[in-house]
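Data block below; observations after.
The values are calculated or read from the model by the stated rules, or taken from the named source; none is laboratory data. Please read all numbers here as calculations on a predicted model, not as lab measurements. When we count neighbours, we look across all protein chains shown, and the Cβ atoms used for this are built from the backbone with ideal geometry, even at glycine. Remember, those area values only see protein heavy atoms, side chains included, never the ligands or the DNA or RNA. Shrake-Rupley method; radii C 1.70, N 1.55, O 1.52, S 1.80 Å.
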Amino acid sequence: MTDKLDKSSAGGAPPEDTPPVAKESAFSGPPEAIKAIPVRHYGRWVSAVIVIALLALLVNAFANGDIQWDTVGDQLFNSTVIAGAGRTLLISVLSMVLGVVLGVLLAVMRLSKNPVTSTVAWLYIWFFRGTPVYVQLLMWFNLALIFPVLNLGPIYKDEMTDVMTPFMCALLGLGLNEAAYMAEICRAGLLAVDEGQTEASHALGMSHAKTLRRIVIPQAMRVIVPPTGNEFINMLKTSSLVYVVTYNELLRSTSVIGSSSFAVMELLFVASIWYLVMTSIFSVFQYYLERYYARGSSRSLPPTVFQKIRANLLSIGRERSAS
C-alpha cells in the first residue's frame with residue numbers, strides 16, 4: 001500500500017492542487033505601446049462657442065453704442081479724476097484701519113467672560129451688521145438734528161455741523177460699519193487657535209494680554225488675513241456710497257464732470273477703470289500677504305504668478321520637444 005503511494009507521488013501525474021505550468025511564449029520582447037484614444041467632450045466645445053458668441057455680441061453692442069471712447073481716454077487721467085481716486089484710496093485705508101483696530105477690540109470683548117463687555121460687543125455687532133451702510137452714512141450726516149452741539153466739557157465744544165464734515169461722516173460711517181465685520185473675522189481667527197496654546201502660556205506665567213499678543217494673535221493671523229484682504233477690496237468699492245454725504249471721492253468727481261460735459265456713461269467707464277486698477281493692485285498684495293502667513297501651515301507654498309507663468313512655459317517647451 002505504501003509502495004503504490006510512493007510510486008504515484010514520485011513518477012505519476014501531478015496532484016490536482018498543483019497549478020499548470022505556463023508555456024513559455026515564442027516571442028519575448030517589449031510590450032506593444034498602448035494607443036490611448038482621448039475622449040471627445042463635445043459639450044465643452046459647444047459651451048465654449050456659445051460663451052464666445054455672447055461675448056462677441058456684448059463687445060459689439062458697446063462698440064456700436066452711443067459712447068465716445070476717445071472721451072474715456074481723454075478723461076482717464078484728468079486731474080480731478082486722479083484727485084478723486086486718491087481721496088477714495090485715503091478714505092478706504094483710514095476706514096479699514098479704524099475697522100481693524102475696533103474689530104480686534106470688539107472680538108476680545110466678545111470672547112471676554114465679563115457679561116457686560118460681551119453683551120455690549122454683541123449689541124454693537126448686531127446693530128452695525130443689521131443696518132445698511134448707506135443708512136448709517138445718512139445718520140452720521142444728520143447727527144446735528146439729535147446733537148446740535150458737541151460738548152466735551154473743557155476739552156472741546158463746537159457745533160455738530162462743523163464737526164461732521166463730509167470726510168468725518170465718511171470715515172465714521174465706513175469705519176464703524178467695517179468694525180462689526182472685522183470683529184467676527186477676528187473672533188473666528190482667535191477661536192481657530194487651539195486652547196492648549198493658551199493653557200501652556202498661562203502655565204508658563206504669561207498674562208492674558210501677553211498671551212494674546214505673543215501667542216494667540218500671531219497664529220490667528222493665518223485665518224484673519226485672507227478675509228481682511230477681501231474686506232479691504234470691498235471697502236474700495238463701498239467707498240462710492242459716501243457720494244451721498246457729498247464727499248468728493250472718485251465716483252462724485254467723475255459724476256460732476258459727466259454732468260457738465262454730457263458724457264455720463266463715458267465718465268462712469270472712467271470710474272470703473274480706476275476701481276478695477278486699484279482692486280487689482282491690492283489683490284496682488286493680498287495674495288503675497290496670504291502666502292507669507294501660510295509658511296507655517298503648508299508644506300509647500302502656493303506658486304506666485306511668475307512661477308505659474310514659468311511652469312506653463314516650461315511645460316509647453318517639453319511638449320514641443322517631445323513631439
Summed residue charge, Cβ within 13 Å of ALA179's Cβ, Lys/Arg positive, Asp/Glu negative: 0
Mean Cβ count within 10 Å, highest first, over the residues of peptides 58-65, 34-41, 104-111, 259-266: 104-111, 259-266, 58-65, 34-41
Karplus-derived 3J(HN,Hα), 6.51/-1.76/1.60, for each residue of region 217-231, Hz, glycine and proline x: 4, x, 6, 6, 4, 4, 8, 7, 5, x, x, 5, x, 5, 5
Hz values of 3J(HN,Hα) by residue in region 81-89 - Karplus curve (6.51, -1.76, 1.60), Gly and Pro given as x: 5, 5, 5, x, 5, x, 5, 4, 5
LYS237, LYS210, LYS157, ranked by accessible area, largest first (probe 1.4 Å): LYS157, LYS237, LYS210
Vicinal HN-Hα couplings computed from phi for region 136-146 (Karplus, 6.51 cos²θ - 1.76 cosθ + 1.60; Hz; Gly/Pro x): 5, 4, 5, 5, 5, 5, 9, 5, 5, 5, 9
Alpha-carbon Rg with Dmax, taken over region 27-96, Å: 27.1, 84
Distance between modelled label sites at LEU268 and VAL135, nm, 7 Å Cα→Cβ extension: 2.6
Shape category assigned to region 66-295 from the gyration tensor of Cα positions, a/c cut at 1.5: oblate
Point-to-point label distance, ASP194-ASP70, nm (Cα→Cβ direction, 7 Å offset): 6.8
Exposure ranking of TRP122, TRP45, TRP274 by accessible area [1.4 Å probe, largest first]: TRP45, TRP122, TRP274
With DNA, RNA and ligands ignored, accessible area of MET164 (1.4 Å probe; Å², nearest 10): 20
Using a Förster distance of 25 Å, the FRET efficiency for SER79-VAL244 (Cβ separation, nearest 0.05): 0.55
Average accessible surface area per residue within region 66-295, 1.4 Å rolling probe, Å²: 55
Angstrom value of the Kirkwood radius, inverse mean 1/r, which spans all Cα pairs in region 82-206: 16.7
Length-normalised contact order for region 66-295 - Cα pairs under 8 Å, 6+ apart - percent: 30
